[in-house]
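Visitor: Sharing a structure below in structure tokens format, with a few things to ask.
The values are calculated or read from the model by the stated rules, or taken from the named source; none is laboratory data. Not measured: the values here are computed from a predicted model. Because the Cβ atoms are built from the backbone with ideal geometry, glycine has one as well, and the counts that use them run over all protein chains shown. All accessible areas refer to the heavy atoms of the entire protein, side chains included, with ligands and DNA or RNA removed. Shrake-Rupley method; radii C 1.70, N 1.55, O 1.52, S 1.80 Å.
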Amino acid sequence: MANPSKAKGTAWESAVRDYMNKALGLVDKSGRFVDIFSALNVRRAAQEGAKDVGDVHAVPFVLECKDVLRPAVPAWLRQAHVEAGHAGYPYGVVVHKVRRAAVARGRVHFGVHTWTRARLALGLTTAQMRERYAFAPAVRGLDSARWYLTTDMEHFTKLVADLRAAP
């Protein structure tokens, strides 16, 4: 790949996909899918151009993966929300790589609206959601559209499993 930034992004997307498939028990010890046809397998999406559908699909989430030094979380969350809509998924989140850390420590950012919808789908209170999935709020300024909550990949993967198991 000629573009080093694209190569970094692709490597991060693949690492996120592989981590989630393993943590959710969707692959065997050799790394092969247990059920290759399962809609629950976490997959990297093909690029769609103007109607981009996000980087990684982990039902019911579209993940926008970022491997950059300077975060721009509110803008990324807007992008993830639009791409989730294009893909027909209810939730869009951003997964930001943490330098020199394992994939499990990657930061997963939720917009307040997405976080609230996931919380309500699980039937949890705000306190239960924060405690169970280690969410920390990021409130900066008066514009609530720029507020978000953050957890790590390990807790996010547990949230995905719980949402998939919810009635």
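Visitor: I'd like to know if the stretch 54-66 contains one or more residues that are more than 17 Å from V16 (Cα to Cα) and either without any contact (Cβ under 8 Å) to a residue 24 or more places away in the chain or open to solvent by less than 20 Å² (accessible area, probe 1.4 Å) (or both).
Guide: So far as the stretch 54-66 goes, no, none of its residues is more than 17 Å from V16 (Cα to Cα) and either without any contact (Cβ under 8 Å) to a residue 24 or more places away in the chain or open to solvent by less than 20 Å² (accessible area, probe 1.4 Å) (or both).
Visitor: Determine the pairs where a residue that is touching a residue at least 24 places away in the same chain (Cβ under 8 Å) and within 20 Å of T157 (Cβ to Cβ), located within the stretch 26-51, has a partner that is of a type in the set (K, R) and open to solvent by less than 80 Å² (accessible area, probe 1.4 Å) with Cβ atoms under 7 Å apart, the partner being 6 or more residues away or on another chain.
Guide: L40/R164; V42/R17; R43/R17; R44/R17
Visitor: Could you please let me know if L69 is assigned to a loop (DSSP other than H, G, I, E, B) and under 16 Å from the mean Cα position of the chain (by Cα)?
Guide: So L69 does not fit the description; no.
Visitor: So which residues in the stretch 86-116 are among the basic types (K, R) and either modelled with pLDDT of 95 or more or touching a Leu at 6+ places or on another chain (Cβ under 7 Å) (or both), if there are any at all?
Guide: The answer is K97, R105, R107.
Visitor: Which condition from (1) crowded, with 16+ Cβ neighbours inside 10 Å; (2) over 19 Å from the mean Cα position of the chain (by Cα) is the one that A7 breaks?
Guide: (1)
Visitor: Can you pull out every residue in the stretch 10-42 that is surrounded by fewer than 16 Cβ atoms within 10 Å (Cβ to Cβ) and within 18 Å of K97 (Cα to Cα)?
Guide: Listed by number, the residues that qualify are A11, S14, D18.
Visitor: Answer with yes or no whether Y19 is outside any helix (DSSP H, G or I), of a type in the set (F, W, Y) and under 26 Å from P167 (Cα atoms).
Guide: Judged against the criteria, Y19 is not a match.
Visitor: Among (1) touching a strand residue (DSSP E or B) at 6+ places or on another chain (Cβ under 7 Å); (2) open to solvent by less than 60 Å² (accessible area, probe 1.4 Å); (3) not aromatic (F, W, Y), which single condition is A75 missing?
Guide: If we test A75 against (1) touching a strand residue (DSSP E or B) at 6+ places or on another chain (Cβ under 7 Å); (2) open to solvent by less than 60 Å² (accessible area, probe 1.4 Å); (3) not aromatic (F, W, Y), just (1) comes out false.
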